[in-house]
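Comments concern the structure below.
The values are calculated or read from the model by the stated rules, or taken from the named source; none is laboratory data. These numbers come from a predicted model, not from an experiment. Here the Cβ positions follow ideal geometry from the backbone for every residue, glycine too, while neighbour counts run over all protein chains shown.
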Amino acid sequence: MSSGGAGGMLGGQTISSPGAMTNRTAVPSVSLELKPTSGATAGDADEEGGANDKDKSAEQAMAESEMALKKMQEQQRETENAQFEKTAKEIRQAIEQTSNLKGLEQDLLIDQMPEGLRIQVIDREGKPMYQSGRAIMLPRIKKLVDQIAVAIKSLPNKVKIAGHTDSTPFKSRRKGYSN
């Protein structure tokens, strides 16, 4: 290696054999022999790109691996769907079999979403879940939510709970507290 040379290649270093550059204005060049990366040798490729039988088997193994993963994911979805259906059935049966929950099946919507099982307890006209302006569930709704909790506790999924009381505005001494 000699320093100096043409225009600062490699931070001021040029690559050459000692005495190879007799003209300081000549542009340095590097020649590299590029070999196929696929392991193919000259004349071995079936098509441009250097593919050979080893590459095809690797591609086939990758495709088989992807198919196996898709099958496993589908089986997992089917198992989860079966668990969700069983849970929905358990909740509905609990409502039918518990005397003070009868009639609440109309307040309950259960459906499967891409995110999981959605269970909604809804108000009906004249059948509120809360006393107006209070955040304490009425006893019949609390009992329904307790039955839902029993049915979903064995599921491995995370639970997200969202809700509100009623739409009647009220004043509160607590800042930011509303229904």
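Any residue at all in the stretch 116-123 that's free of Cβ contacts under 8 Å to residues at least 40 places away in the same chain and assigned to a helix (DSSP H, G or I)?
No, every residue in the stretch 116-123 fails to be free of Cβ contacts under 8 Å to residues at least 40 places away in the same chain and assigned to a helix (DSSP H, G or I).
Give 161, 91, 95, 110 a once-over and let me know the one that is under 28 Å from residue 176 (Cβ atoms) and either assigned to a strand (DSSP E or B) or out of contact with any Cys (no Cβ under 6 Å at 6 or more places or on another chain) (or both).
Details: 91 fails: under 28 Å from residue 176 (Cβ atoms); 95 fails: under 28 Å from residue 176 (Cβ atoms); 110 fails: under 28 Å from residue 176 (Cβ atoms).
Of the residues listed, the single one that is under 28 Å from residue 176 (Cβ atoms) and either assigned to a strand (DSSP E or B) or out of contact with any Cys (no Cβ under 6 Å at 6 or more places or on another chain) (or both) is 161.
State which residue is surrounded by the fewest Cβ atoms within 10 Å (Cβ to Cβ) when the search covers only the stretch 125-140 and only residues that are over 35 Å from the mean Cα position of the chain (by Cα) and not in a loop (DSSP other than H, G, I, E, B).
The extreme case among them is 139.
Could you please find all residues in the stretch 94-120 being modelled with pLDDT under 80 and either under 31 Å from the mean Cα position of the chain (by Cα) or of a type in the set (S, T, N, Q) (or both)? Before you say what the answer is, go through the steps one by one.
Of the residues in the stretch 94-120, the ones modelled with pLDDT under 80 are 99-100, 102-103.
Within the stretch 94-120, 99, 100 qualify.
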